[in-house]
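Input: a single structure, listed below in structure tokens.
Where a number appears in this text, it was derived from the coordinates with a stated rule and is not lab data. All values derive from a computational prediction rather than experimental measurement. Heads up, the Cβs are rebuilt from the backbone with ideal geometry, glycines too, and the neighbour counts pull from every protein chain shown.
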Amino acid sequence: MIFAEMYEPRLDEILELLKKNVNHGSRVFLQLPEGLKKKAQIIVEGIEKKGYEVVVDIEPCFGACDVPVARAKVEGCDVVLHLGHTPILELDSQIKEMHGIKVVYYPVHAIVDLTPLLERAAGLLERGSKVSVATTIQFHHVLESITEELKKQGFTPLIGKSARTGLEGVVLGCDYAAMKKMDGEVMSHLFIAGGEFHVKGAIREVNKSIVHINPERNEVKLIGKEEREKIMRREMLLVEKFKEAEKIGILTSTKLGQRFGDPFKVKRAVEKLGKKCFVLSGDLISREKLEGLDVDFYIILACPRLEEDTTIFSAPAIAWGTLVKHLKITGID
Ligand code: SF4
């Protein structure tokens, strides 16, 4: 099954959602993830026919952490229609209270039959064991049928809750609470996600083995100790580089849901280690924007997964959460 067929937003559902949440004649700021931008025109035409005005946001969209409230307001929009994700709870209430603009979320669920992949995955799980089941929002709707099938096969499936979305069994690239809560209880994790991004994050967060169902590639893989050790070695190397560094850039993002800590608390704590610190702020963080800065190490308070993107940083970079996992730094709550 190819990607384009797997994620198909339904115009009738989008229109129904707008009808319930948005006044007729409102101006809508439409935000879509990169993979869905090719559907933008068809969605716009459908919405406009119902009497709304639509502006399409062409900036990259990273998730529900990245809701373009400011741009929507400049364009005179009454509402942001965000396709592809569900709300991040603390962020959604903050947007309503502080920015006075409504965000309507339409998660795009994958059209997929996971039965053959689940059969292969079950063969990699220990017979009759307790298994945690987790996924990304795109496959959340199949969670129930998967747990039912696992029960029929004699497993005990367990599902934890996401910290940022409050949804059962859902993970984000920065929120593996659903899996972590179950890690002590289960033999392994069954994880359904397209691509490698989410599973790479999961490896770092749990200790048990992961059976990864990747519906986009029609693949099932068992991931264990070796992959985890490789990641741990990389993290330890970064911690050693931090110890040697003198000029630290503390990098924050103005994206509302990508703010993982108070930069000045971090600055004060790191300065106690004898380092010079500069607080740096950007929206989309890129190599060009960092060029020319005299910094020999970055601490990331923006999206923590940026630390894996070697194309962005010319100096070593680590997420604050990763650093404090390995190094005791005092003076921070
Ligand atoms: S991992 Fe990064 S991009 Fe994904 S939801 Fe978290 S902050 Fe946003």
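Over 33 Å, how big is the tail of the calculated P(r) for the chain, in percent of all Cα pairs?
On the way: 19115 of 55278 pairs.
The answer is 35 percent, as a whole percent.
When the Karplus curve 6.51 cos²θ - 1.76 cosθ + 1.60 is applied with θ = phi - 60°, which whole-Hz ³J(HN,Hα) does each residue of region 316-321 get, with x for Gly and Pro?
In residue order, the calculated couplings are x, 9, 9, 6, 4, x Hz.
Which value at 222 nm does the chain reach when only helices count, each DSSP H run of 4 or more adding -39,500 (n - 2.57), with the total divided by all residues and rounded to the nearest 500 deg cm²/dmol? Each step should come with its number before you reach the end.
Numbers: 13 runs with 108 residues, N = 333.
After summing the helix terms and dividing by the residues of the chain, the value is -9000 deg cm²/dmol.
Based on Cβ point charges of +1 for Lys and Arg and -1 for Asp and Glu, what charge dipole magnitude is obtained for region 231-326 about its Cα centre, in debye rounded to the nearest 20?
Working: 17 positive and 14 negative charges, 76 e Å.
In total the dipole reaches around 360 debye.
Long-range amide H contacts for Leu30: which residues qualify at under 5 Å (H placed 1.01 Å from N, peptide plane, sequence gap of 5 or more or a different chain)?
Long-range HN contacts for Leu30: Val55, Val56, Asp57, Leu81.
Straight-line reach from Lys19: which lysines have a Cα under 18 Å away, not including same-chain ones fewer than 8 places off?
Those lysines meeting the cut-off are Lys49, Lys50, Lys102.
Taking every pair of distinct Cα atoms and averaging 1/r, then inverting, what Kirkwood hydrodynamic radius in Å comes out for region 3-106? Please list the in-between numbers first.
Numbers: mean 1/r = 0.0728 Å⁻¹.
Hydrodynamic radius (Kirkwood, Cα pairs) of region 3-106 is 13.7 Å.
Hey, got a sec? Which GluC sites (Glu not before Pro) in region 173-261 land in a DSSP loop and have at most 10 other Cβ atoms within 10 Å?
Numbers: sites: Glu185, Glu196, Glu205, Glu216, Glu219, Glu226, Glu227, Glu229, Glu235, Glu240, Glu244, Glu246; in loops: Glu185, Glu196, Glu216, Glu246.
Passing both the DSSP loop test and the Cβ count: Glu246.
What is the distance in Å between the Cα centres of region 235-256 and region 37-56?
Cα centroid of region 235-256 versus Cα centroid of region 37-56: 42 Å apart.
Which whole-number value in Å³ per residue fits the convex hull of the alpha carbons of region 44-88? List each step's numbers first, then the result.
Working: hull volume 4.0 nm³, N = 45.
In region 44-88, the Cα convex hull volume per residue is 89 Å³.
Tell me, what HN-Hα J-couplings in whole Hz come from the Karplus equation 6.51 cos²θ - 1.76 cosθ + 1.60 at θ = phi - 60° for each residue of region 91-105, using x for Gly and Pro?
Each residue of region 91-105 in turn: 6, 5, 5, 5, 4, 4, 6, 8, 10, x, 10, 8, 10, 10, 9 Hz.
Just to be sure I understand: if I project the alpha-carbon convex hull of region 115-223 onto a plane and average over all orientations, what area do I get in nm²?
Approximately 5.6 nm², given one-decimal rounding.
Taking the Cα centre of each part, how many Å lie between region 180-220 and region 289-333?
Each part's Cα centre sits 25 Å from the other's.
So, with +1 on the Cβ of K and R and -1 on the Cβ of D and E, and no other charges, what is the size of the charge dipole of the chain about its Cα centre, to the nearest 20 debye?
Working: 48 positive and 49 negative charges, 179 e Å.
So the magnitude is around 860 debye.
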